[in-house]
Amino acid sequence: MKHRFLCSALIGALSLLGAASSAADATDARTASATSEHDTDWPHYGSRPGGGRYSEANQITAANLNRLKPVWEHRSGDFRSGSLNTGLEFEEGMAQRPTTFMVTPIMVDDTLFYCTPFNRVFALDPQTGAEKWSFDPGVDMSREGLTNCRAVSSWKNPAPTGAPCDRRIVMGTLDARIVVLDAETGKRCADFAGGGDVDLNAGLTNHKDIEYSVTSPPAIIGNTLVTGAMIADSQRNDVPAGVVRAYDVVTGEFLWGWNPVAPGHAALDEDGNYVSGTTNVWSVISADEDLGLVYVPTGNSSPDYYGGDRDGHLDYYSSSVVALDAKTGAVVWHFQTVHHDIWDYDVPAQPVLVDLTIDGRERQALVQVTKMGMTFVLDRRTGEPIFPVEERPVPQTGAVPGEYLSPTQPFPVKPDPLHQLGVSPDDAWGLTFWDKGRCRAQMEELSTGPIYTPLSAKGTVVYPSPLGGQNWGAPTVDPERQIMVASTKHIPMVIQPVARADCPPEAWQQVGSPYCVVLKPLTSPLGIPCTAPPWATLDAIDLKTGNRLWQVPFATAEGMAPWPFSKLKWGIEMGGAMITRSGLVFIGAASDAYLRAFDIETGEELWKDKLPTTANAVPMSYTSGGRQFVVVAAGGHWTSEAPAGDHLIAYALGD
């Protein structure tokens, strides 16, 4: 989750270069009022229970993209501006931070559902954007500093009765509740938890409200909802547990809880609360109903950048993909992508479940991208790698006193990495010989080396950084072409552990450990990253072979730098992409505030349209009334200098 904090420093450095309610296009003769037998839904955050962000809709093609235009816009009013320079502490009353509009709507039963950064839920007509209903769970936003809601979830009664709540909309809230609504009316489902909400604060150790929130949609498998939570896991070593919990989606009955402690260690403390400090699941969970499994991507253990006190058992499930039995919560398998993670390389993205043909054999695969730019392709039944993974020796010298290191780390032989794995002074870059020299001088004073170089007292250049590589917005997978497309960041960061007695005000405190930590982008005196652009790329991998198909620079410095530098493809991305059956890759996620479309086969940019502000969300697509729509949320990010906003914009083909 920490990319949200780190981006503020990065955007601030780069800025030295220079940055209605529902409205229908009623005159568009192509708008239809009835549904079509060929309509396509988008019923989950990732389009499917196992993610992938793939739409079967294919009306919009490379041949007619020039006719794509905005046709309606919905504005909730739920946004706020604020200061980007509010420090890194989690404190009550952080209302001055700008909102982040990161939502991907879902589309079911010819209704579009989405949540706002204030946790209000809206149901819209998918063809016009007109409101059907809205719901306010009453979150006290004065107590919520970081606002985000990635999506809502949906459940449908397999034996509909015609009674209320045959279709349910499920949302986790910033104040740690699960709310279940009737999809038809937006009213609470009276049979869920006695007509109330499930309070996820129950069973946790003492904590501030702001330290525990739900920002990703619960997974739905059968009649079970499964949720993790976002934890303020960089602030102290005894943060609330990263427990994953399951409830009956109809009654609200608690079914099971899985606290990520190693086998043989107690999951509960002497007071009956979940043991604190365990790795959390802040990102999106995937589900395979046929196998009866849910797949959780875990973060790294607290505190993020020092592990000398973890005693092993807190690391056991960190930075991993874990398959849990959906009925019991028992671990079926787990695969660790980083051993003893002290770089904040937590697993940030939803695991993608896809059937692949590899070497002529059909495989039930799980594809997991990482902040390291490495992609792991696993058998989702067993967790065994489909493409080989090698344990390779990694650097062992230079760590701060008290730290210990894993002697090896897992490296997939395939797919090809999408990011350079490590950095040296020879990689220094600048616009001029002068600033390139200043970058090199900085790097020579810091620790540099291959990926997994230990964090040193003088500071270590981490590349890939905790921003990624890939982050929560990646990837999207075309199950027919068996191509993965991922957005990748290429930004060097400096991470410096500082002895507790010398902690500066700007440090992350990591209370309970011997060290606080200072993080900053590695930039030249001009505020430009010290490694060569592009600093964001769009990448494609052939999942049948593991080979990279293409990598293209993504976005520009428009709005951040004067001409002609504004035309250079230096843009920084936060967000993700989706693919349509017609072979188009749609993505916002750029500092220059465009929505773009690319050709999945070649990576060629085919189309773009300027948005009111940045789209730090994943677009989605569906067909309603025989017309295909592409919808994206444009509302900025709390780390960005782009204006905060509340623009949910739908595109379709015009005449």
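Points worth noting:
- Normalised contact order of region 506-655, rounded percent, pairs of Cα under 8 Å and 6 or more residues apart: 13 percent
- Of the GluC sites (Glu not before Pro) in region 416-511, those whose Cβ has at most 15 other Cβ within 10 Å and which sit in DSSP loop: 480, 506
- Residue-count net charge about residue 134 - beta-carbon cut-off 14 Å; Lys, Arg +1, Asp, Glu -1: -2
- Counting neighbouring beta carbons within 10 Å and listing from fewest to most, the residues 185, 128 come out as 185, 128.
- Counting beta carbons within 10 Å around each of 215, 382, 614 and listing the fewest first gives the order 382, 215, 614.
- Rounded to the nearest 20 debye, dipole of region 3-653 from Cβ charges on Lys, Arg, Asp, Glu: 1280 debye
- Global size of region 3-653 as Cα Rg and Dmax, reported in angstrom: 23.1, 73
- Extension gain for residue 69 to residue 110 (0.36 nm times residue separation, less C-alpha to C-alpha distance): 12.6 nm.
- Sorted ascending by nearby beta carbons within 10 Å, beginning with the fewest, 39, 191, 341, 655 become 655, 191, 39, 341.
- Between residue 506 and residue 61, the modelled label-to-label distance comes to 5.3 nm, taking each label 7 Å out from Cα in the direction of the beta carbon.
- Taking label positions 7 Å along the Cα-Cβ direction at both residue 357 and residue 433, the computed distance is 5.7 nm, reported to one decimal.
- Count Lys and Arg as plus one, Asp and Glu as minus one, and take only other residues whose Cβ is under 9 Å from that of residue 201; the net charge is then -2.
- From most to least packed by mean Cβ count within 10 Å, the peptides 409-418, 101-110 give 101-110, 409-418.
- For residue 239, net neighbour charge (Lys/Arg +1, Asp/Glu -1) across residues whose Cβ lies under 9 Å away: -2
- Stretching residue 199 away from residue 542 to a fully extended chain increases their span by 119.2 nm, per 0.36 nm per residue minus the current alpha-carbon distance.
- Per DSSP, loop GluC sites (Glu not before Pro) in region 196-285 with at most 14 further Cβ within 10 Å: 253, 270
- Two-site FRET efficiency, residue 499 against residue 413, from Cβ-Cβ distance with R₀ of 60 Å, rounded to 0.05: 0.90
- Of all lysines in the structure, the ones whose alpha carbon falls short of 23 Å from that of residue 132, not counting any fewer than 8 places away in one chain, are 156, 187.
- Taking the helices alone, the chain has a mean residue ellipticity at 222 nm of -1000 deg cm²/dmol, built from -39,500 (n - 2.57) per DSSP H run of at least 4 residues and averaged over all its residues.
- Selection from 141, 543, 186, by position along the positive dipole direction of region 3-653 (Cβ): 543
- Of all DSSP bridge pairs formed entirely within the chain, close to 95 percent run antiparallel.
- In this calculation the C-beta distance from residue 269 to residue 223 is compared with R0 = 25 Å, giving a FRET efficiency of 0.25.
- Label-point separation, residue 396 to residue 331 (7 Å along Cα→Cβ), nm: 2.6 nm
No lab work stands behind these numbers, since they all come straight from the coordinates. Everything numeric here is computed off the predicted structure, so don't read it as measured data. Cβ sites come from the backbone with ideal geometry, for glycine too, and all protein chains shown count toward neighbours.
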